Structures are given as structure tokens and as C-alpha cells.
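K.L.:
Sharing a structure below in C-alpha cells format, with a few things to ask.
Just so you know, all these numbers are worked out from the coordinates, no wet-lab data involved. None of the values given here were measured: they were computed from a predicted structure. As a convention, Cβ positions derive from the backbone with ideal geometry for all residues, glycine included, and neighbour counts pool all protein chains shown.
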Amino acid sequence: MIYFDNAATTKIFPEVLDHLKSWAEEFYANPNAVYSDGQKSRRSIDEARRYIASFLEVDEEEIIFTSCATESNNTIIRGIAESYPEKNEIIISPIEHKSVLNPVKYLARKGFKIKFLKVDKNGVVDLDDLKSKITEKTAFVGVIHVNNEIGVVQDIDSIGKICMDKDIIFFSDTVQSFCKFNIPSNLVDFYSVSGHKINAPKGIGFFKRRKDLDITPLLFGGGQEFGIRSGTENVLFIKALYETIKIWQKNKAQFVARLKNLKELFIKELKNIISEVHIVSENVETSPNIVTVIFPKIDAQTVIMALNSEGIAVSSGSACSSGTPTPSHVLLACGYSEEEALRAVRFSFGIENSEEEIFITVEKIRDIFSRLSVFY
């Protein structure tokens with residue numbers, strides 16, 4: 001299988017995978033226990049938290065370990081809303097991940113007013129629109145750093161400064177940007193991270209929170225994670241996440257350059273065989289590993305299944321329920337038609353991918369379009 005769906009999830013680093021069994025045997029005890037093996041597990045968590053906090057230039061108590069970004073996003077969004085009930089307006093971009101949009105929709109049913117920011121054809125947030133929408137009733141502003149479908153990068157420095165000047169909480173989903181881009185921790189009050197997007201196991205993540213801001217917990221129990229996320233900590237996967245981040249930090253320049261090279265090669269080769277393809281957000285800064293292609297005539301599901309039959313895994317932002325595809329909310333928000341959105345396919349590259357895989361994939365796409373074009 002040629003795997004080009006790394007924005008969905010990534011393979012665990014081999015060196016981390018090799019150590020998981022030994023770590024499981026070494027750090028098995030409950031980290032909240034007072035006996036020596038429990039304290040050994042506690043020290044492992046503390047070491048991981050200390051490293052991540054230093055890496056992000058924040059205080060240790062500002063790192064809250066969770067199971068994933070979905071949990072983090074829900075905790076942040078609902079936690080802020082419950083902590084500041086006098087503020088009943090939320091400002092977000094319309095191209096957020098569903099783990100942001102859905103808890104916001106839940107709050108709308110509870111009486112919150114939701115204001116969606118304007119985005120252009122590339123998915124870039126209109127900063128003047130943001131300024132005009134902020135009021136004294138704004139609970140928080142939420143803007144995804146790097147979009148998971150089209151890869152567009154938002155100017156979170158400018159957004160953060162706008163929010164800071166207005167004394168408004170700024171939250172960002174940084175799942176796709178973490179380790180690939182710098183995150184201005186002094187300007188983003190809350191942001192979420194998921195381990196399995198950066199070659200760590202599924203089931204581990206964290207969020208950064210500004211320590212002087214109140215946040216109501218989503219989970220109540222034993223009071224772990226500074227009382228913000230109760231539940232026995234996943235010591236093994238926290239350790240794995242810590243080691244994974246160290247690998248990324250050590251090799252960041254090399255990894256990002258490799259991803260960018262693969263992406264640029266893919267776009268170049270694809271345009272050589274199908275000149276009519278449209279690359280979404282091509283004229284603005286995007287993630288080094290995400291490219292969304294709107295193919296001419298042929299719908300995304302057909303392309304995805306045809307590539308799958310050739311051993312190539314890619315994806316689409318469109319959802320499919322009861323056999324009827326639903327176009328991506330991200331592309332619709334950017335102004336694309338439903339028909340265009342249903343022809344969009346996402347290719348997302350990982351550091352283990354090769355140039356040879358790019359050439360093979362493009363050749364397979366050529367064959368697929370040669371076969372299917374007679375039907376369109």
C-alpha cells in the first residue's frame with residue numbers, strides 16, 4: 001500500500017514502536033500511587049511534561065495531557081463557555097474541524113450566538129471581519145492554524161494580537177501544524193495537539209492552556225492533570241509522545257523539507273498529465289504535506305476507490321451517508337460549488353513516503369483517467 005493519507009493519521013516511528021513493549025513493562029504502575037513503581041511512572045510523566053513545556057516555552061502546568069485532540073477541543077470549548085457564562089458569543093472560522101464545529105453547535109443549542117468569520121477562496125480568514133465581530137460579549141475566538149483538508153495556514157500571530165488587544169481568549173486547533181510550524185504560545189491562549197498526526201500512537205494528545213484563565217473540566221474524577229482532566233494518565237503513550245516530539249524537534253528542518261519536496265513534485269507531475277486539475281489554496285502558504293486536488297469531470301469517490309484498487313490510499317473531505325456523498329463544508333465555505341467539492345481529493349504525505357511512490361501514483365492516475373474519461 002502506498003499511503004498518502006497522513007493528514008488523517010500517521011505510522012508510529014519505528015524507534016518508538018520498538019520501545020513500546022519495554023516501556024509498557026517498565027512504566028505499568030499507577031502514577032498516582034505513593035510506592036516506588038508508581039513514583040517511577042510519575043517521574044516519566046513529569047519528564048515528558050517538562051520537555052514539552054520547554055519546547056513550547058510555557059509553564060509545565062499549562063500542558064494538559066488528554067486522549068486526543070477531539071477531547072482537547074471539547075474540553076477547551078465547553079470549558080471556556082461554562083467558565084465565563086456572562087459572555088455568550090463565539091467567533092470561529094467556518095473551516096474548522098468537526099471536533100470544533102460540533103461542540104460549538106452544541107453551545108448554540110444552549111443559547112450561544114455563533115459568528116462565522118469570512119474566508120476567501122483560499123480559506124484565509126478575513127482579519128478586518130474578525131475585528132468587526134468582536135464585542136464585549138465574545139467568549140473566545142477559534143481559528144484552526146493549518147486546515148486539515150486544504151492545508152491553508154492562518155496568520156495566528158496577527159489573530160492572536162487582535163485578540164490580545166481586545167482582551168479576548170484565542171483558541172486554535174494546531175493538530176496539523178504542531179512540529180511543522182512554530183506556534184506563538186504567548187499569543188494563543190489554548191491550543192490542541194494530537195499524537196497520531198506526528199507519528200506517535202493513537203490515543204494520546206494534550207492541550208496548552210493559559211494558566212491564569214479558568215476552564216471548567218469536561219471530566220470529573222480523581223483530579224489528575226491539575227484538576228482539569230481527571231482519569232489515570234496513559235503513562236506509556238505520554239512517554240511515546242514525548243519521544244516522538246524529540247525526534248521531530250531534532251529533525252524538523254529535514255522532515256519539513258522532505259515533505260515539501262514530495263508535495264511540489266506531486267503537483268508538478270500531476271499537472272504534466274492533467275493540465276485541468278485545480279490545486280486548492282495554491283497561491284497562499286499551505287502545509288508542506290497537504291494538497292487537495294479538484295479533478296476535472298470525475299468525482300472524488302470514484303478516484304479514491306480506483307486508486308485503492310491500485311494499492312494507493314488517499315481521502316476526501318466529503319462525507320458519505322446512505323450512499324449519498326455530502327460535499328466538504330470546508331470547500332463550500334471557501335466558495336466552491338457542491339459539484340466542485342465532490343470532485344476534490346486530498347493527498348497528504350508523510351516522512352516515510354518516497355519520490356518513487358509519487359511517480360507510481362501519478363502514473364496510476366493517468367491510467368485511471370484514461371480509462372474513465374470515456375464515461376464522462
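K.L.:
How large is ³J(HN,Hα), in whole Hz, for each residue of region 339-351 in order, when computed from phi with the Karplus curve 6.51 cos²θ - 1.76 cosθ + 1.60 and θ = phi - 60°, using x for Gly and Pro?
P.N.:
In residue order, the calculated couplings are 5, 5, 4, 6, 9, 8, 10, 9, 10, 9, 9, x, 5 Hz.
K.L.:
What is the packing order of peptides 242-248, 196-202, 170-176, taking the mean over residues of other C-beta atoms within 10 Å and listing the highest first? Can you show the working numbers first?
P.N.:
On the way: 242-248: 19.7, 196-202: 22.4, 170-176: 26.7.
My ranking of the peptides, most packed first, is 170-176, 196-202, 242-248.
K.L.:
Now for a different question. Got a sec to turn the phi values of region 176-187 into Karplus ³J(HN,Hα) couplings, 6.51 cos²θ - 1.76 cosθ + 1.60 with θ = phi - 60°, whole Hz, x for Gly and Pro?
P.N.:
After applying 6.51 cos²θ - 1.76 cosθ + 1.60, I find 7, 9, 4, 6, 9, 10, 6, 10, x, 4, 6, 10 Hz.
K.L.:
Which value in deg cm²/dmol, rounded to the nearest 500, describes the helix-derived mean residue ellipticity at 222 nm for the chain, given -39,500 (n - 2.57) per DSSP H run of n ≥ 4 and division by the residue count?
P.N.:
On the way: 11 runs with 154 residues, N = 376.
Only helices count here, giving -13000 deg cm²/dmol.
K.L.:
Near the amide H of Gly203, under 5 Å away, which other amide H atoms are found, from residues 5 or more places off or on another chain, if H is placed in the peptide plane?
P.N.:
Distant-sequence amide H within range of Gly203: His196.
K.L.:
I would also like to ask the following. How far is helix 156-165 tilted, in degrees, relative to the longest principal axis of the Cα atoms in the chain, given as a value from 0 to 90 rounded to the nearest 10?
P.N.:
With rounding to tens, the tilt is 40 degrees.
K.L.:
Oh, and also: How tilted is helix 355-372 with respect to the longest principal axis of the chain? Cα atoms for both, answer in degrees (0 to 90, nearest 10).
P.N.:
50
K.L.:
Would you mind checking the tilt of helix 14-26 against the longest principal axis of the Cα atoms of the chain, expressed as 0 to 90 degrees and rounded to 10?
P.N.:
30
K.L.:
Something else now. For region 1-56, run through the chymotrypsin sites (Phe, Trp or Tyr not before Pro) and keep only the ones in DSSP coil with at most 13 other Cβ atoms within 10 Å of their Cβ. Please report the intermediate quantities before stating the final value.
P.N.:
On the way: sites: Tyr3, Phe4, Trp23, Phe27, Tyr28, Tyr35, Tyr51, Phe55; in loops: Phe4, Phe27, Tyr28, Tyr35.
In loop regions of region 1-56 (DSSP not H, G, I, E or B), the sparsely surrounded chymotrypsin sites (Phe, Trp or Tyr not before Pro) are Tyr28, Tyr35.
K.L.:
For His278, His97, what ranking results if the residue with the fewest other Cβ atoms within 10 Å of its Cβ goes first?
P.N.:
His278, His97
K.L.:
Considering only region 14-247, what is the antiparallel percent among its DSSP beta bridges, to the nearest 5? Present the calculation step by step, with values, prior to reporting the outcome.
P.N.:
Working: 11 of 26 bridges.
In region 14-247, approximately 40 percent of DSSP beta bridges are antiparallel ones.
K.L.:
Going by amide H atoms built from the backbone, whose H comes under 5 Å of the H on Phe170, apart from near neighbours?
P.N.:
When sequence neighbours closer than 5 places are left aside, the close amide H contacts are Val141, Asp189, Phe190.
K.L.:
Something else now. In whole angstrom, how far apart do the alpha carbon centroids of region 112-168 and region 5-46 sit?
P.N.:
Here the answer is 36 Å between Cα centres.
K.L.:
Note down the net charge around Asn102, summing +1 for each Lys or Arg and -1 for each Asp or Glu among other residues with Cβ under 15 Å from its Cβ. Spell out each step's value before the answer.
P.N.:
On the way: positive: Arg78, Lys98, Lys105, Arg109, Lys110; negative: Glu71, Glu96, Asp173.
Once all neighbours under 15 Å are counted, the net charge is +2.
K.L.:
Which whole-angstrom value gives the distance between the alpha carbon centres of region 220-250 and region 275-351?
P.N.:
After rounding, the separation between the Cα centres reads 34 Å.
K.L.:
Loop-only check: which trypsin sites (Lys or Arg not before Pro) in region 92-162 are DSSP coil with at most 15 other Cβ within 10 angstrom?
P.N.:
Values: sites: Lys98, Lys105, Arg109, Lys110, Lys113, Lys115, Lys118, Lys121, Lys131, Lys133, Lys137, Lys161; in loops: Lys110, Lys118, Lys121, Lys137.
Listed in order of number, the matching sites are Lys110, Lys121, Lys137.
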